[in-house]
Amino acid sequence: MITKSPLCSFISILGQPSVSLKQGADWYGFELISTEVKELNMTKKKNVIITGAAGLVGTTLRQYWADRYSLRLADIRRVENLQVHEDFTQLDITDLEAFATACQGMDVLVHLAADRSPTADFYESLLNLNIIGGYNGFEAARRAGCQRIVFASSINSVLGYQGAKSVSWDVPVFPQNVYGATKCFGEALGRVYADQHSLSCISVRLGSPNFDQGGDWDPENPSHQISPRDMAQLFSRCIDVENVNVAIVPGISRHKKSWQDVEDACRILGYEPQDGTAFPRTIC
Ligand SMILES: NC(=O)c1ccc[n+]([C@@H]2O[C@H](COP(=O)([O-])OP(=O)(O)OC[C@H]3O[C@@H](n4cnc5c(N)ncnc54)[C@H](O)[C@@H]3O)[C@@H](O)[C@H]2O)c1
């Protein structure tokens, strides 16, 4: 069932407001986004469905993106505080038919819903959520005719390289737990669906999304974290970038030392991290 926010019927007559930028503004900075009804053109905004939208990552993306996209928020639990550019659909990702229906009319699927615990049990949780639910994302996007799937992978798919100097995206996978192995499965599906079905697939090897520029970190310590605003920018680039058939990119900020090579994401996506230990600490 798809629930529209209360103002949607009004907006659907007017068209949706476009995002306009203040000169010199960083549009990923939450406080710098200004919205105004500049032109009434609904075709410019991409239709994006986010699974797991009620979770940590989905909530962060919604906050930073503001009304950049028309969002369909899909989750097994209710998503609160719907905005005019958002609708909600209750979805269990293990139900392929329902998943494909939810993806109808969407340009891009951002597939976040999964069990994110590195210690999750395979039969209790990972089999259903990360393996079946992961597969269903690719198949639902294909059936619905989406142009792209952005798959939330994890640094856990290459965690075995931790301690190495810098690891590029194309080294052999090296998970150290079954959760990481399920993410490798999703990355592999990306290659199948891009190659066999012409579905553009971008997998993000996400690090911990809680890097704080004003936090207590040492630039000499390798980091695999990403700040919330860098994460919002990175996923946005995954949606907007053109001419990418298949890619696997690191999901980290720019750090002085890290064992994942952030340049891969910069080169492939045009990602420009604004946070990380490579930058000065913010003094509050
Ligand atoms: N948060 C991290 O540190 C981190 C790091 C690396 C990768 N990731 C990946 O990013 C993605 C999002 O992570 P998160 O931190 O937002 O997770 P989260 O646990 O906060 O959110 C997951 C969401 O999925 C929903 N969900 C659970 N079962 C569902 C089902 N059957 N159908 C539909 N929705 C269901 C939950 O209700 C929840 O809202 C995951 O794939 C995770 O593996 C997260």
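Laboratory data are not the source of any read-out in this text; all were calculated from the coordinates shown. Everything numeric here is computed off the predicted structure, so don't read it as measured data. Ideal geometry is used to build each Cβ from the backbone, glycine not excepted, and the neighbour counts take in all protein chains shown.
Please go through segment 248-268 and pick out each residue that is surrounded by fewer than 22 Cβ atoms within 10 Å (Cβ to Cβ) and aliphatic (A, V, I, L, M).
From segment 248-268, those surrounded by fewer than 22 Cβ atoms within 10 Å (Cβ to Cβ) are 256-257, 259, 261, 263-264, 266-268; that's our starting set.
Selection gives I268 alone.
Looking at segment 196-232 only, could you name the residues that are more than 13 Å from the ligand (Cβ to nearest atom), of a type outside the set (A, V, I, L, M) and either closer than 20 Å to C184 by Cβ or in contact with a helix residue (DSSP H, G or I) (Cβ under 8 Å, 6 or more places away or on another chain) (or both)?
Q196, H197, S200, C201, R229
Taking segment 114-128, which residues are near the ligand (Cβ under 10 Å from one of its atoms) and of a type in the set (S, T, N, Q)?
S117, S125, N128
Taking Y135 and the conditions (1) closer than 20 Å to Q260 by Cα; (2) of a type in the set (S, T, Y); (3) within 15 Å of the ligand (Cβ to nearest atom), which numbered condition does it fall short on, given that it satisfies the others?
(1)
Take the conditions within 14 Å of the ligand (Cβ to nearest atom) and either of a type in the set (D, E) or within 25 Å of V171 (Cα to Cα) (or both) and apply them to V249. Does it pass?
Working: within 14 Å of the ligand (Cβ to nearest atom): yes; either of a type in the set (D, E) or within 25 Å of V171 (Cα to Cα) (or both): yes.
Spelling it out, V249 is indeed within 14 Å of the ligand (Cβ to nearest atom) and either of a type in the set (D, E) or within 25 Å of V171 (Cα to Cα) (or both).
Just to be sure, is P209 under 27 Å from A140 (Cβ atoms) and either of a type in the set (A, V, I, L, M) or surrounded by fewer than 22 Cβ atoms within 10 Å (Cβ to Cβ) (or both)? Reasoning before the result, please.
Working: under 27 Å from A140 (Cβ atoms): yes; either of a type in the set (A, V, I, L, M) or surrounded by fewer than 22 Cβ atoms within 10 Å (Cβ to Cβ) (or both): yes.
Considered against the rule, which asks whether it is under 27 Å from A140 (Cβ atoms) and either of a type in the set (A, V, I, L, M) or surrounded by fewer than 22 Cβ atoms within 10 Å (Cβ to Cβ) (or both), P209 comes out as yes.
Look at L96 and say whether it is under 12 Å from I50 (Cβ atoms) and touching a helix residue (DSSP H, G or I) at 6+ places or on another chain (Cβ under 6 Å). I'd like the intermediate steps shown before the answer.
Numbers: under 12 Å from I50 (Cβ atoms): no; touching a helix residue (DSSP H, G or I) at 6+ places or on another chain (Cβ under 6 Å): yes.
No.
Would you check if there is a residue in segment 173-185 being among the aliphatic types (A, V, I, L, M) and part of a helix (DSSP H, G or I)?
Narrowing segment 173-185 to residues among the aliphatic types (A, V, I, L, M): 173, 178, 181.
Filter once more, so that each one left must be part of a helix (DSSP H, G or I): 178, 181.
So far as segment 173-185 goes, yes, one or more of its residues are among the aliphatic types (A, V, I, L, M) and part of a helix (DSSP H, G or I).
Being touching a residue at least 24 places away in the same chain (Cβ under 8 Å), in contact with a Pro (Cβ under 8 Å, 6 or more places away or on another chain), among the aliphatic types (A, V, I, L, M) and part of a loop (DSSP other than H, G, I, E, B) narrows it down to one residue among I226, I283; which is it? Give the steps one after another, and end with the answer.
Numbers: I283 fails: in contact with a Pro (Cβ under 8 Å, 6 or more places away or on another chain).
Exactly one of I226, I283 is touching a residue at least 24 places away in the same chain (Cβ under 8 Å), in contact with a Pro (Cβ under 8 Å, 6 or more places away or on another chain), among the aliphatic types (A, V, I, L, M) and part of a loop (DSSP other than H, G, I, E, B), namely I226.
Filter segment 185-206 down to the residues that are among the hydrophobic types (A, V, I, L, M, F, W, C), crowded, with 20+ Cβ neighbours inside 10 Å and closer than 13 Å to G134 by Cβ and list them by number. Steps first, please.
Just the residues of segment 185-206 that are among the hydrophobic types (A, V, I, L, M, F, W, C), to begin with: 185, 188-189, 192, 194, 199, 201-202, 204, 206.
Right, trim to crowded, with 20+ Cβ neighbours inside 10 Å and you get 189, 194, 199, 201-202, 204, 206.
Scanning segment 185-206 gives L189, C201.
For residues in segment 53-74 being under 17 Å from G105 (Cα atoms) and among the aliphatic types (A, V, I, L, M), which is nearest to the ligand (Cβ to nearest atom)?
A74
For a quick check of your reading of the model, give me the residue pairs whose first member lies in segment 71-88 and is farther than 18 Å from A141 by Cα, whose second is aromatic (F, W, Y) and buried (at least 21 other Cβ atoms within 10 Å of the Cβ), with beta-carbon atoms closer than 8 Å and at least 6 apart or on different chains.
R78/F88; V79/F88; L82/F88; H85/Y69
Residues that are of a type outside the set (S, T, N, Q) and crowded, with 23+ Cβ neighbours inside 10 Å: does segment 158-175 have at least one?
Filtering segment 158-175 down to residues of a type outside the set (S, T, N, Q) leaves 158-161, 163-165, 167, 169-175.
Filter once more, keeping what is crowded, with 23+ Cβ neighbours inside 10 Å: 158.
Checked segment 158-175: at least one residue is of a type outside the set (S, T, N, Q) and crowded, with 23+ Cβ neighbours inside 10 Å.
Hey, could you check segment 142-156 for residues that are within 15 Å of the ligand (Cβ to nearest atom) and not hydroxyl-bearing (S, T, Y) and say which is surrounded by the fewest Cβ atoms within 10 Å (Cβ to Cβ)?
Step one: filter segment 142-156 for residues within 15 Å of the ligand (Cβ to nearest atom), giving 149-156.
Imposing the further condition that a residue be not hydroxyl-bearing (S, T, Y) reduces the set to 149-152, 155-156.
On the way: I149: 27, V150: 28, F151: 27, A152: 26, I155: 26, N156: 24.
Within segment 142-156, the match that is surrounded by the fewest Cβ atoms within 10 Å (Cβ to Cβ) is N156.
Looking at H111, is it buried (at least 18 other Cβ atoms within 10 Å of the Cβ), within 11 Å of the ligand (Cβ to nearest atom) and touching a residue at least 40 places away in the same chain (Cβ under 8 Å)? Explain how you work it out, then say what you get.
Working: buried (at least 18 other Cβ atoms within 10 Å of the Cβ): yes; within 11 Å of the ligand (Cβ to nearest atom): yes; touching a residue at least 40 places away in the same chain (Cβ under 8 Å): yes.
In short, yes.
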